[in-house]
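The values are calculated or read from the model by the stated rules, or taken from the named source; none is laboratory data. These figures come from a predicted structure and were not determined experimentally. Here Cβ is always computed from backbone atoms with ideal geometry, including for glycine, and neighbour counts include all displayed protein chains. Remember, those area values only see protein heavy atoms, side chains included, never the ligands or the DNA or RNA. Shrake-Rupley method; radii C 1.70, N 1.55, O 1.52, S 1.80 Å.
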Amino acid sequence: MNRTRLQVLLCLAAAAFFLNACGREHPAADLVILHGKVWTVDKAHPQAEAVAVIGSRIVAVGSDAEIRSWAGPGTNTIDAQGKSVLPGFNDAHVHFTSGGSEVSGVKLRDAATPKVFASRIAEHARKLSKGEWMTGGTWDHELWGGTPLPSHDWVDAATPENPVFVTRYDGHMAMANALAMKLAGVTRATKDPPGGTVVRDAQGNPTGLMKDAAMGLITRAIPAETEEQLLRDARAGMNEARRNGVTTIQDISSAADVRVYQVLEKRGELTLRVYCIAPLPQWEAPARTGIRAGFGDEWIHLGALKGFADGSLGSTTALFDQPYSDAPGTSGLPNAMMLPEGNMLKMALGADKAGLQLAVHAIGDKANATMLDVYEQVEKQNGARPDRRWRIEHAQHLRPADFERFAKLGVIASVQPYHAIDDGRWAEKRIGHERCKTTYAFKTLLDHGVRLAFGSDWTVAPLSPLLGIYAAVTRATLDGKNPGGWFPEQKLTVAEAVEAFTMGSAYAEFRETEKGSLTVGKFADIVILDADLFAVAPEKIKDAVVSHTIVGGKVVYGAGRQ
Ligand SMILES: [Zn+2]
């Protein structure tokens, strides 16, 4: 038992003793939830009807009759109406402030043709002041049949005064307009950087499209957002999170993001808890100050590092052993962090020695295998140590032999189930049937004893755990072509999917003793739905709606909001 929990229980014992003298068994709760289908994700007591909360913590989980005795005149009572009551969702992989900025930015995600893409950019440019950059967008050229790729001349005429750098939804390709290239100094003389491609037309001129590391050629010219802008983004993000029952995010954070979360905490504005994941190449900064994985308070904590082993499937930059089926000239690219050879191992050794947690993006089978090699080497050179909780982010395409290695090394598969029903529309075209058998292979991972942490990868996918759970349970691709499930043997049960989005994610951020289940002494981070997830047909899970989001005992979304 940790100290905070012990303190809570001691306080409660003292209060109970005092109130006993007045003839009551225990103090009145601040909040009780009654008539719920409570799924606790606590193996000792998986189901209940009701929950009682005092302050920020859960004090009782039980039957309606038991919990009713906790209600007093000042207690806020929520009737869950026989619907699901779950631990708050913990999204293990988000890009939060960029998500927030996209809520109010140009929207290209559903631009179904190049024409719509260009006209949305033109329309949005009219809202910007002169010189203001247009970024984000999250376009998807697969909606256009995969070709053509966007090009600067589609939008130049409509954006003479605003530099544009709009990103593909997976963040591995982006398109610059002529002004952005001019400001960034990109010309036909610009060479491809290591780990990146400047896409060129038949005459050798850049089309504006930058792949992976080449995106840096443009982004370095974009001025950083001000703190005011970032605060606005974070608030927009929290609004989305509350609506979707997300009570913790594990965020790929810049230093400016971490500062903004601290401002929000100080002002009492945070309505979710944040695990900040810093860029791996900066590992020496936290190491030098003595920060270890999990350092921080109950709202914000630190100590994980995000690295990249490769690119993405959509951009054909995910690194595979064998060439792409639809682009046989390439088998993908290692990320710049892997270069020169041995660089990733060097950073991993240093970060691990300092007690920091590694969370490295790996999509292709070769990238995943290489990261497992790196982790093996770190264990060999730094020695065995329990509780490293290494993560691989995405763990998308795996060699059949690597499931065992994930389990043996205790590597957490930090995966985003929505990607399976999204990419599942076209993944077979790209890498063929055989490799798709071990793609988004959540069930095989669980069967091997690998821990799953679920996330959304917002803004790559919607910030909606319910959609993620739907995706993991049905594997029904978004195009409606696989109603019985795309590689249905990889479907999870509702219980498995809920656990991965709560307890699994909590474990991945070293907080499983504080959250992840509805257990006495843990944070009262709770979500109530308008449906019983365990009773509805799987295809209806996507229609379920969050009715209440409760963080630290406070109703931050829904009726009875404080
Ligand atoms: Zn991501």
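Examine segment 165-175 for a residue that is in contact (Cβ under 8 Å) with a residue 12 or more places away in the chain and either open to solvent by 70 Å² or more (accessible area, probe 1.4 Å) or more than 26 Å from the chain's Cα centre (by Cα) (or both), and state whether such a residue exists.
We begin by selecting, within segment 165-175, every residue in contact (Cβ under 8 Å) with a residue 12 or more places away in the chain; these are 165-175.
With either open to solvent by 70 Å² or more (accessible area, probe 1.4 Å) or more than 26 Å from the chain's Cα centre (by Cα) (or both) added as a condition, the list becomes none.
Within segment 165-175, not a single residue is in contact (Cβ under 8 Å) with a residue 12 or more places away in the chain and either open to solvent by 70 Å² or more (accessible area, probe 1.4 Å) or more than 26 Å from the chain's Cα centre (by Cα) (or both).
Look at segment 75-104 and say how many of its residues are among the small types (Gly, Ala, Ser), modelled with pLDDT under 95 and surrounded by fewer than 20 Cβ atoms within 10 Å (Cβ to Cβ).
Here is the first cut: in segment 75-104, the residues among the small types (Gly, Ala, Ser) are 80, 82, 84, 88, 92, 98-101, 104.
With the extra rule that they be modelled with pLDDT under 95, the set shrinks to 98-101, 104.
Right, trim to surrounded by fewer than 20 Cβ atoms within 10 Å (Cβ to Cβ) and you get 104.
Residues that pass the stated criteria total 1.
Okay, residues lined up against (1) within 15 Å of the ligand (Cβ to nearest atom); (2) not charged (D, E, K, R):
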residue: 424; (1), (2): no, yes
residue: 436; (1), (2): no, yes
residue: 454; (1), (2): yes, yes
residue: 457; (1), (2): yes, no
residue: 460; (1), (2): yes, yes
residue: 476; (1), (2): no, yes
residue: 491; (1), (2): no, no
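Take segment 379-422 and flag every residue that is modelled with pLDDT under 95 and within 16 Å of the ligand (Cβ to nearest atom). Walk me through it before giving the result.
In the first step, residues of segment 379-422 are kept if they are modelled with pLDDT under 95; the result is 384-387.
Answer for segment 379-422, where residues must be modelled with pLDDT under 95 and within 16 Å of the ligand (Cβ to nearest atom): there is none.
For (1) part of a helix (DSSP H, G or I); (2) at positive phi; (3) at pLDDT 95 or above, each residue gets a yes or a no:
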| position | (1), (2), (3) |
| --- | --- |
| 18 | yes, no, no |
| 24 | no, no, no |
| 32 | no, no, yes |
| 52 | no, no, yes |
| 65 | yes, no, yes |
| 119 | yes, no, yes |
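Can you name the residue in segment 373-384 that is free of Cβ contacts under 8 Å to residues at least 12 places away in the same chain and part of a helix (DSSP H, G or I) and, of all such residues, is surrounded by the fewest Cβ atoms within 10 Å (Cβ to Cβ)? Lay out the reasoning, then the answer.
Of segment 373-384, the ones free of Cβ contacts under 8 Å to residues at least 12 places away in the same chain are 373, 380, 383-384.
Applying the additional criterion that residues be part of a helix (DSSP H, G or I) yields 373, 380.
On the way: 373: 13, 380: 9.
Out of the qualifying residues, it is 380.
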If you scan segment 256-298, which residues turn out to be of a type in the set (Gly, Ala, Ser), farther than 20 Å from residue 510 by Cβ and open to solvent by less than 60 Å² (accessible area, probe 1.4 Å)? 256
Could you tell me how many of the residues in segment 98-120 are touching a strand residue (DSSP E or B) at 6+ places or on another chain (Cβ under 8 Å) and within 16 Å of the ligand (Cβ to nearest atom)? 5
Please count how many residues of segment 311-331 are farther than 12 Å from residue 362 by Cα and not polar (S, T, N, Q). 8
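From the list 468, 485, which one is of a type in the set (Gly, Ala, Ser) and under 28 Å from residue 331 (Cα atoms)?
Details: 468 fails: under 28 Å from residue 331 (Cα atoms).
The unique qualifying residue is 485.
Test residue 550 against the criterion of being part of a strand (DSSP E or B), crowded, with 21+ Cβ neighbours inside 10 Å, in contact (Cβ under 8 Å) with a residue 12 or more places away in the chain and β-branched (Val, Ile, Thr), and give yes or no. Write out each step before concluding.
Numbers: part of a strand (DSSP E or B): yes; crowded, with 21+ Cβ neighbours inside 10 Å: yes; in contact (Cβ under 8 Å) with a residue 12 or more places away in the chain: yes; β-branched (Val, Ile, Thr): yes.
Yes; evaluated as a whole, the condition is true for this residue.
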